[in-house]
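The values are calculated or read from the model by the stated rules, or taken from the named source; none is laboratory data. As the structure is a prediction and not an experimental result, all values here were calculated from the model. Note that each Cβ is placed from the backbone with ideal geometry, even for glycine, and that neighbours are counted across all protein chains shown. Surface areas here come from the heavy atoms of the whole protein model, side chains and all, with no ligands, DNA or RNA. Shrake-Rupley method; radii C 1.70, N 1.55, O 1.52, S 1.80 Å.
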Amino acid sequence: MLTILIFFTLFTVLTTLLPLSRHPHWIVRGMDFPRLQFTILATILLLAHFIFLDLQRVSTQALIISTTLCLIWQLSWIIPYTFIYPKEVKTSTECDADKQLSIITSNVLTPNRNADALIALIKKHQPDVLVTLESDLWWEEQLNVLETDMPYSVKCPLDNLYGMHVFSRLPIAEQEICYLVEKDVPSIHTTIELRSGDKVRVHFLHPAPPSPTENDESAERDAELMIVARSVADSEQPVIVTGDLNDVAWSATTRLFRKISGLLDPRVGRGVFSTFHVDYPLVRWPLDHLFHSKHFTLQKIKRLPSIGSDHFPLLTQLSFTALRCNNQAGIKADTAEHKWAQEISEQQNVSKGDVPKPGETS
């Protein structure tokens, strides 16, 4: 029993320490994902130390201290996504439907052919905007039926798992399909006009993940996130960034994105809202995100039922206010973090350019 507990304690320490490194290798960055699972493991380990080991031995005390420190560290990343933490985004009291904006973000999984399930969700929830990730030409043809009620669209069908489509009930004043870092990984940048006439800048992203089958390192994903974050930082315009970021809400890079961009995360203080993987309840992570500027408060955020993909769709409903709600506090970057973000975004020499500004799109 002692040998087993030592092994799992060393494993817990290793998986806790690895993400402290800024090394972009997928193994290192992958340790960000299962922080919730590592928290549960550390809790079970700590209980096992007290039950099965001699508490008077120095080795036992060393195991307990190591496990406790790991547990505290992992909890510090997870707790913001629980109900015991203060909400970062205020709950909306706005009743004016003209100032509301609802978005469904859905990674459809290219081989998935259950388009009817997604269409049924759209008819049920009536979102203002739908963005699909991994949608190819087949998906485009199936979803074209939505254009009766959602006549505005931006379409980028691809068969490489990075196709993307946007359908909207609201006018799209400007639009641009960009390849910010990788030549086959698009992002969509639009300006959407609310029913009130107010315009919102919306960025739809789906960077490639760090994995042995995609990119050996997270450099490309991180660069795309930082390019967008720096482009919207300190903007006075209402901004939303949404999509499958192939990064968890509690990673160092997502946290850096929030700090640099100044955008808020409506999940903080409300829940994890894990969207991946549909088939493995014990191993699920929040990979699909929506961040927004202080111009919005939250009406509703909800994970929707499965459509046959490996991701659950995510529904977010926001309320717009013409003035920034300065009583909503996000997290801020220090000088070192600004330098780190700049280094990340400048490391990718294959970058196709900056995020387009309003008025530069077509």
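Computed values, structure above
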| item | result |
| --- | --- |
| Local net charge near C70, Cβ-Cβ under 15 Å (Lys/Arg +1, Asp/Glu -1) | 0 |
| Mean shadow area of segment 230-317 over all directions, Cα convex hull, nm² | 5.9 nm² |
| Angle in degrees between helix 35-52 and the longest Cα principal axis of the chain, rounded to the nearest 10 | 20 degrees |
| Accessible-area composition of segment 213-297, carbon plus sulfur, in percent [1.4 Å probe] | 47 percent |
| Degrees between helix 58-78 axis and first principal axis of the chain (Cα, 0 to 90, nearest 10) | 10 degrees |
| Solvent exposure ordering (accessible area, 1.4 Å, most first) of Y280, Y81 | Y280, Y81 |
| Estimated FRET transfer efficiency when R0 is 25 angstrom, pair L10-S76 (beta carbons, to 0.05) | 0.75 |
| Segment 78-212, dipole about Cα centre (Lys/Arg Cβ +1, Asp/Glu Cβ -1), debye to the nearest 20 | 400 debye |
| Heavy-atom accessible area ranking, 1.4 Å probe, most first, across F296, F273, F38 | F273, F38, F296 |
| Flagged links, alpha-carbon separation over 18 Å, of K99/K300; K199/K300; K183/K259 | K199/K300; K183/K259 |
| Antiparallel DSSP beta bridges within the chain, as percent of all bridges there, nearest 5 | 80 percent |
| Added length on full extension, which subtracts the Cα-Cα distance from 0.36 nm per residue, R57 to F83 | 5.5 nm |
| FRET efficiency, L18 to T148 (Cβ-Cβ, R0 51 Å, nearest 0.05) | 0.50 |
| Full-extension gain in nm, T91 to D216, via 0.36 nm per residue minus C-alpha separation | 41.0 nm |
| Rounded tilt (10° steps) of 335-346 against the dominant C-alpha axis of the chain | 60 degrees |
| Dipole magnitude (debye, nearest 20) for segment 4-132, charges at Cβ of Lys, Arg, Asp, Glu | 240 debye |
| Accessible area per residue, Å², the chain with all protein chains present, probe 1.4 Å | 43 Å² |
| Simple Cβ-charge dipole of the chain, Lys/Arg +1 and Asp/Glu -1, about Cα centre, in debye nearest 20 | 1340 debye |
| Simple label model, 7 Å out from Cα along Cβ direction - K332 to H25, nm | 3.7 nm |
| Förster radius 30 Å - calculated FRET efficiency between T3 and Q37 (Cβ-Cβ, nearest 0.05) | 0.85 |
| Furthest towards positive pole of dipole, C95, A120, I84, structure part segment 70-127, Cβ charges | A120 |
| Residues of segment 167-199 with amide N under 16 Å of the 7 Å Cα→Cβ point at I119 | 167 |
| More than 17 angstrom apart: percent of Cα pairs within segment 194-256 | 46 percent |
| Farthest positive-ward along segment 264-318 dipole, Cα basis, beta-carbon charges - from H295, L282, P305 | H295 |
| Simple spin-label estimate for H277 and R195 in nanometres, 7 Å along Cα-Cβ | 4.1 nm |
| Cα-based radius of gyration of the chain once divided by 2.2 N^0.38 Å, which approximates compact folds | 1.03 |
| Percent accessible area from carbon and sulfur atoms, segment 69-164, protein chains only, probe 1.4 Å | 58 percent |
| Cα-based equivalent ellipsoid, segment 132-282: semi-axes from gyration tensor eigenvalues, Å | 24, 21, 16 |
